[in-house]
Amino acid sequence: MTNKNSDNSAGKNPLPDTYSTRQEVLKNEAEHLENGLMRINLGPSHPATHGILQNVMDLDGETIVKARPVIGYVHRSFEKLGEKYTYNQFLNCTDRMNYVSSPMNNIAWINAVEEMIGINVPSRAQVVRTIINELSRISDHIICNTVLGVDLGAFTGLLYLYHYREMFTNILEKMTGARLTTTFNRVGGLEMDIYDGFAADVKDFLKVFPKILKDFEGLLIHNRIFIDRTKGVGAIDKETALSYGYTGPNLRATGCDYDVRKAYPYLLYDQVDFDIPVGIDGSVYDRFLVRNEEMYQSMKIVSQLIDNIPAGPYRVEDYHYSLPPKKDVYEKMEELIYHFKIVMHGIQVPPGEFYSAAEIANGEMGFYIVSDGGKTPYRVHVRRPCFWYYQSFPELVEGSMLADAVAVMSSLNVIAGELDG
Amino acid sequence: MEEWIIDILISLAKTLAFFGVILLWAAYITLGERRFASFFQNRLGPNRAGIFGLLQPLADGIKFMMKEEIIPKNANRAFYLLGPTLFITIALIPWAAIPFGDTVVIAGREVKLQIVDLNVGILFMIAVSSIGVYGIMIGGWASNNKYSLLGAIRSSAQLISYEITMGIALAAVFLLSGSLSTRDIIIAQMQSPWHWNVFVQPLGFIVFFVSILAETNRVPFDLAEAESELIVGYHTEYGAFKFAMYMLSEYINLITASALITLLYFGGWGIPFVDLGRLGLSVNLAGLISVIVFLVKTGFFVFVFIWIRWTLPRFRYDQLMNLGWKILLPLALVNLFGTAVVALLV
């Protein structure tokens, strides 16, 4: 076997070469023992790796001398599947990327397709999407921040907040029948209308949750041990972060206020009022605080929208793009033909290349779609934010202690499903 | 009956009763810990086995015994088995010197509710509990697992560092009570609650409390088994009853720590503002009440330990060492020096 890097004389390949990393891992440890180093595998199955990640670390005592992330354990070839699935079917793949806040991925994908076609989605659907998007952001940040606590040994916060995250999951369940893989968006709107008590349920959540979040903050934010463990740990400056392709809360923690919602507004983000919290030094503590504040901002957005969900259709009434109502399909010839066309031949997307990004909980989720006019895309590429963060992991942890590596990994919010695609 | 037979019988009965109580208590702390943790975390906890889940420890015990005994192929078999055995033995020994209560009268003789009243009781306990680190080190090393080894190294460094601070904090207590016997230390605090060492020695108490929290290997000092970094640290490779032995001994250590806090700083079995001797109760009733008071106080501190565990995050290894050597040790020395000066002058 030849090393893929060997003929690349032009320069160092910036991306880690998974194959050669694995070979290196398998090398005899004797030389390490001579140097007094110990090589440990943090993962693929380890309590600190939420999902299946592997970090091969060389330790000098407790200090990390070298860290190598190995990825690909949950690669499910979504991009290849995207070439086979229709635009609506690909939703099932996006659900399974960032599984902590799956509706956001759906919305990002559907938004990209709709922008590419140029459909005007009914405002009812847009409002509901924005609300669900922001609630999903909250639910993602809940997991990220509380799991950071778990990785630092404070287990209580996770279960404490999880109880209230259930409120959101229950809303999703009532709305779609599914709790995790919701898939409730369709090109042109929603799969079905929201249920009657939707607004009341969301308001309940908005009423209860801030109090609970305050409790959780009390547990960690001013805790001296927590501050010692996180402040300045895994810090990264703005330029380095940008050069690694950071986006989302991790980039904002470094002080850069880039947010797709403000920079390239989609859904209703240009009509609502919210702020972008930024940190200072990009350390674990700042990432925690940025995520924490984003939860409040998300609640602010939702509370602006929840009182006036407009009436009207929840799906575009142009049946080239969305299925006609079932009753009409049974009774009217034309609707039956539209139904047949969409099911058998898919939605007609104009040929061309298109890139559209959305701000998911982890950062900029971008979809690069190449269409040849057929019912499936010719090529789909997904810009998965985790993939870009995770490259910087060795730089963040080398020279720090083993316990810091766990905290850094947790606060980057590397989600295996999103990372491996 | 001959006198010596009665003596032996009483000693035997006391020993059996003590270890029975301790083991049962430790088993029920596992339930208590899980239940309290659940209440802190907004959930119910194990409540299916028996009323309120009271049979849960029994079910757990049976489960541990029925599990397959697995010994890793590359482990050092003898030491691998020695680790948990040593650990639980050493965890139980300090109870020989801990008094549960005052005296009772059995068969016409005064019996101290203590297996043996050593005149160097506290020293004996500290000496024995420092051997406990061997159980961890041997277990961690013999299982031939890198995580276990890291846990064992962390644990030994931690236990040794914090023993020093603990010892120095205790020295101030010895200065005041003028004795190393557990019973004498309690009796020295009997006059009023203001004579409790926690009020006489507030700084010493804080140092001692933090050190003993570190000695029990619990959050925020559970670096030896930090589950998010080291899986579960030194007992990663242990399963079935060997794991149960490690776990049980940690809970026994927890009770020991609580009992030490009670007898050294909170007046042992003394009830604030009540003198049991003057109430006119029979000796045996007073003895029984003293046992209950001691158990309640100890139980309270066990609860405090559980409370702390489910509230705080964990230190990092270097921060732990800094805290031990750079903060607690100087504080303990200052406390000892101050106490010595005051004791000399007053």
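Summary table
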quantity	calculated
Links that overshoot a 25 Å alpha carbon limit, given the list A:K66/A:K238; B:K14/B:K297; A:K211/A:K262; A:K84/A:K341; A:K211/A:K300; A:K262/A:K300	A:K211/A:K262
Alpha carbon centroid spacing (whole Å) that separates segment A:342-406 from segment A:177-219	25
Solvent exposure, largest accessible area first (probe 1.4 Å, DNA, RNA and ligands not counted), of A:Y355, B:Y238	A:Y355, B:Y238
With all protein chains modelled, accessible area of B:S130 [1.4 Å, Å²]	30
Chain A: angle of helix A:102-117 to the longest principal axis, Cα-based, in degrees nearest 10	60
Proximal aspartates and glutamates to B:K112, defined as alpha-carbon separation beneath 19 angstrom and excluding residues fewer than eight positions away on the same chain	B:E3, B:D7, B:D102, B:D184, B:D275
For B:A286, net neighbour charge (Lys/Arg +1, Asp/Glu -1) across residues whose Cβ lies under 14 Å away	-1
Separation of the A:L336 and B:L344 label points, Cα + 7 Å toward Cβ, nm	10.8
Number of partner chain Cβ atoms within 10 Å, mean per residue of B:31-43	2
Residue with peak Gaussian network fluctuation, chain B [Cα springs, cutoff 10 Å], from B:M65, B:M321, B:M245	B:M65
Positive minus negative residues near B:E229 (Lys, Arg vs Asp, Glu; Cβ under 10 Å)	-2
Solvent-accessible surface ranking, highest first, for A:T146, A:T63, A:T176 at 1.4 angstrom	A:T63, A:T176, A:T146
Those residues of segment B:298-344 for which accessible area with every protein chain present is at least 10 Å² below the isolated value (1.4 Å probe)	B:W310, B:T311, B:L312, B:P313, B:R314, B:F315, B:R316, B:Y317, B:D318, B:Q319
Degrees separating the helix B:202-215 axis from the principal Cα axis of chain B, which is the longest one	30
Estimated 222 nm signal from helices in chain B, with DSSP H stretches of n ≥ 4 weighted -39500 (n - 2.57), rounded to 500	-22000 deg cm²/dmol
Helical mean residue ellipticity (222 nm; -39500 (n - 2.57) per DSSP H run of 4+; nearest 500) of chain A	-14500 deg cm²/dmol
Accessible area (Å², 1.4 Å probe, nearest 10) - A:V290	0
Point-to-point label distance, A:H381-B:T89, nm (Cα→Cβ direction, 7 Å offset)	6.6
C-alpha long axis of helix A:198-220 to longest principal axis of chain A, angle in °	10
Order of exposure, largest accessible area first, which applies to B:K63, B:K14 with probe 1.4 Å	B:K63, B:K14
Reach of B:K67 by Cα under 21 Å, taken over lysines that are not fewer than 8 positions away in the same chain	B:K242
Solvent-accessible area buried by A and B, counting both chains, probe 1.4 angstrom, square angstrom	2700
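The values are calculated or read from the model by the stated rules, or taken from the named source; none is laboratory data. None of these values were measured; they are calculated from a predicted model. Note: ideal-geometry Cβ built from the backbone for every residue, glycine included; neighbour counts use all protein chains shown. Just the protein is used for accessible areas: all its heavy atoms, side chains included, with ligands, DNA and RNA removed. Shrake-Rupley method; radii C 1.70, N 1.55, O 1.52, S 1.80 Å.
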